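In what follows, a structure is listed as structure tokens, so that the remarks can point back to it.
The values are calculated or read from the model by the stated rules, or taken from the named source; none is laboratory data. None of the values given here were measured: they were computed from a predicted structure. Every residue, glycine among them, receives a Cβ derived from its backbone with ideal geometry; neighbour counts consider all protein chains shown. For accessibility, only protein heavy atoms count, side chains too; no ligands or nucleic acids. Shrake-Rupley method; radii C 1.70, N 1.55, O 1.52, S 1.80 Å.
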Protein chains: 2
Amino acid sequence: MADVAAEAHVSVKTVSRVVNREPGVRRDTELRVRAVIDRIGFMRHDGARILRQGRTQTIALVVEDLANPFYSQISAAVEREARIRQYQLITASAEGSPTRERGVLESLINRRVDGLVVVPAGERPAVDPTVAASGTPIVYVDRPVRGQATDTVISDNPGGVRSAVEHLVANGHRRIALLGDDAEFWTARQRREAFVQIHDALGLPGDAKVSMGPHTVDSLTERLATWSRERSPVTAVITGNNRVTLAALHAMRRSGVEMGLVGYDDFELADLIEPAVTVVNQDPTSMGQKAALQLIARILGDESPAQTVVMPTRLIVRESGRLPASRSLRKASS
Amino acid sequence: MADVAAEAHVSVKTVSRVVNREPGVRRDTELRVRAVIDRIGFMRHDGARILRQGRTQTIALVVEDLANPFYSQISAAVEREARIRQYQLITASAEGSPTRERGVLESLINRRVDGLVVVPAGERPAVDPTVAASGTPIVYVDRPVRGQATDTVISDNPGGVRSAVEHLVANGHRRIALLGDDAEFWTARQRREAFVQIHDALGLPGDAKVSMGPHTVDSLTERLATWSRERSPVTAVITGNNRVTLAALHAMRRSGVEMGLVGYDDFELADLIEPAVTVVNQDPTSMGQKAALQLIARILGDESPAQTVVMPTRLIVRESGRLPASRSLRKASS
DNA sequence: TCAGTGCATGACAGCGTTGTCGGGAAAACG
DNA sequence: CGTTTTCCCGACAACGCTGTCATGCACTGA
């Protein structure tokens, strides 16, 4: 900027004014400055600008695994909202480790990001004290965090589970089991509790059968085989998220057991496998968008009380929820 | 930092030394400083540090659509390599628009990111002049860019297409067509050219049939119907990428035509749909990793000539490449 | 005892901007 | 024509940190 100033015979401040389109520069001076800028290819150094102004116009997103479609959709949505509002997005993944998450958060706060969208890793005692102390606005997504009230966007897990169970029941299933993901995850636990509660509320026979992860195709194959060999066999399972659904589908294919299935999380091609998989769809795009908007509102000074937004889920009915018998009927008639 | 210095009765420089674990601080001074740091919750302001040191320890990734699994895998890989080496990753999406891409790049350079990994959008005349002028190292992924030599990581499109065609031919197919994506994409064009060339080289009957995108399920349904009604009908198609594969699968399901299929890009559950889809697998994770490593090498001063890395593809043989007849045989015998 | 050596520490400048303020010239006004 | 207002513009400091260099002190060896 000093170079430009020298070349154009003005002060750095005037160059600054031109670059930022501030008023108070005569037309011809502006043109002169612009000419020099173009000639020597000057580009404003935003680092210095940030240091001076105290705002980074950057938000950060911390997730577990960017390659998981659920998170990548959230990520795409957050990036989009941020970009539209002139914020840049730093994405970081904690790979599910609270330790790494701590480090990542610290580093982001050192950078003075204006705000954070976080899918908290594993079990956490409370809002991270580092973050809390920094005063950086933060919005949690998918899983809440214990401790003082914070903005949170989660999806309606009990509602989703209920819709799944009710759908199976409506299709004649009575012995329904849950294949949850690792109970370390809050969502997995919440879905488990909802399942047990609804199972009992509906007066389904026996105790609610639940198997929590982590699952492998092998372990699931065995599990399903066991369940289907019981005196009153399980006829349908609900899978706790996209990972489990995938593994369960493989296990079913391998072992040949035919069970009803409702998966948590929609996925591409769910309608093309046989039978087409009925799912509880969470809307990660909306969740990401909602979180980003809420965060930016906070950054812009919104002081209203912390808010927990519960996003509705939607049951996408395909075929896997029917009784195997009725599925064959459909096939024959089509 | 000044506050800490005052409280601890040392100079800011000493605080700086402690914070950065520089040598030359007596043990007791260090402890005193640390105590103050903890007490008042000081956190280093990396913005200022960056301004002083000239290095941002940040790289940026520009892709088309973060929600597309192909890009989200690249993104996850780049983030991982970056994080391991203490770089942060800014992710930005250009949504396929060269204009937006220009803006995004400019903004990233203003931030003085240390390097860029870019999946260039659409058609581009050459290396972006803004970027070129800034001297920021850049690595292109998935598609090269015309103009001066630059580091590029692409996958072996001709090889991938050849393996697909050969596989289909080996399974008895002769009338093979290509469903490419939008010819605006370099990869789509390259795969088309490879297809035509191999088609002719193998002496397959007739002209190589090609239909480029953008495709919809509707348009594909019609296209496939037309092809299968010809005097010598097309018996197998190759789809140009994951998007097209998905649409084609839906179209096939809807129209009931039975054709051989080899898809470009592997996808989850490809093995569970009926018939299991044979694919040409590119390895986005390796591509992202390779690109990140190359970029960081450049940042660290690697001056060797620009390099184009061609990543091999791998044909994952499942069932969709067989002739429909032999597929039924398999089903009956299993 | 004195010069020489090494270590711990501090003063200072400067990274590239922008906010504040003040000054001078031109324009407007009485 | 003198005075006030308006408009442009520049000087300067400061954002928070770190690299350089200087300083002072303790210790060593002759």
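Confirm whether B:Asn20 is within 14 Å of chain A (Cβ to nearest Cβ), among the polar types (S, T, N, Q) and more than 9 Å from DNA strand D (Cβ to nearest atom). No; evaluated as a whole, the condition is false for this residue. When the criteria are applied in full, B:Leu249 fails the requirement of being part of a loop (DSSP other than H, G, I, E, B) and under 23 Å from B:Arg314 (Cα atoms).
Condition first: in contact with a helix residue (DSSP H, G or I) (Cβ under 8 Å, 6 or more places away or on another chain) and within 7 Å of chain A (Cβ to nearest Cβ). Now tell me which residues in the stretch B:66-79 satisfy that.
Start the filter on the stretch B:66-79 by keeping residues that are in contact with a helix residue (DSSP H, G or I) (Cβ under 8 Å, 6 or more places away or on another chain), which leaves B:66-78.
Within the stretch B:66-79, B:Leu66, B:Ala67, B:Pro69, B:Ser72, B:Gln73, B:Ser75, B:Ala76 meet the criteria.
Across the stretch B:44-69, the number of residues qualifying as more than 9 Å from DNA strand D (Cβ to nearest atom), over 20 Å from B:Arg83 (Cβ atoms) and either over 24 Å from the mean Cα position of the chain (by Cα) or at pLDDT 95 or above (or both) comes to 1. Taking the stretch A:252-283, which residues are farther than 30 Å from B:Phe70 by Cα and assigned to a strand (DSSP E or B)? The one that is farther than 30 Å from B:Phe70 by Cα and assigned to a strand (DSSP E or B): A:Gly260. A:Gln73 satisfies every condition listed in (1) within 14 Å of DNA strand C (Cβ to nearest atom); (2) at pLDDT 95 or above except (1).
Quick one: is B:Asp114 over 30 Å from B:Arg223 (Cβ atoms) and either in contact with a strand residue (DSSP E or B) (Cβ under 7 Å, 6 or more places away or on another chain) or not polar (S, T, N, Q) (or both)?
Working: over 30 Å from B:Arg223 (Cβ atoms): yes; either in contact with a strand residue (DSSP E or B) (Cβ under 7 Å, 6 or more places away or on another chain) or not polar (S, T, N, Q) (or both): yes.
So B:Asp114 fits the description; yes.
B:Ala92 fulfils the conditions (1) within 40 Å of the chain's Cα centre (by Cα); (2) more than 15 Å from DNA strand C (Cβ to nearest atom); (3) farther than 18 Å from B:Thr136 by Cα except for a single criterion, (3). In the stretch B:36-64, of all residues being facing chain A (nearest Cβ under 7 Å) and charged (D, E, K, R), the one that is farthest from B:Thr14 (Cα to Cα) corresponds to B:Asp46.
Conditions (1) without any contact (Cβ under 8 Å) to a residue 24 or more places away in the chain; (2) open to solvent by less than 60 Å² (accessible area, probe 1.4 Å); (3) not in a loop (DSSP other than H, G, I, E, B); (4) not hydrophobic (A, V, I, L, M, F, W, C), marked per residue:
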site	(1), (2), (3), (4)
A:Glu184	no, no, no, yes
A:Thr187	no, yes, yes, yes
A:Val196	yes, yes, yes, no
A:His199	no, yes, yes, yes
A:Asp207	yes, no, no, yes
A:Gly213	no, yes, no, yes
A:Leu220	no, yes, yes, no
A:Arg223	no, no, yes, yes
A:Trp227	no, yes, yes, no
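For the stretch B:253-264, the candidate set comprises residues that are surrounded by fewer than 20 Cβ atoms within 10 Å (Cβ to Cβ), more than 22 Å from B:Pro205 (Cβ to Cβ) and in contact (Cβ under 8 Å) with a residue 12 or more places away in the chain; within that set, the residue that is nearest to the chain's Cα centre (by Cα) is B:Arg254. In the stretch B:2-21, the residue that is nearest to the chain's Cα centre (by Cα) out of those that are near DNA strand C (Cβ under 10 Å from one of its atoms) and basic (Lys, Arg) is B:Arg17. Looking across the stretch A:231-252, just one residue is farther than 27 Å from A:Pro158 by Cβ and either without any contact (Cβ under 8 Å) to a residue 12 or more places away in the chain or surrounded by 23 or more Cβ atoms within 10 Å (Cβ to Cβ) (or both), and that is A:Arg231.
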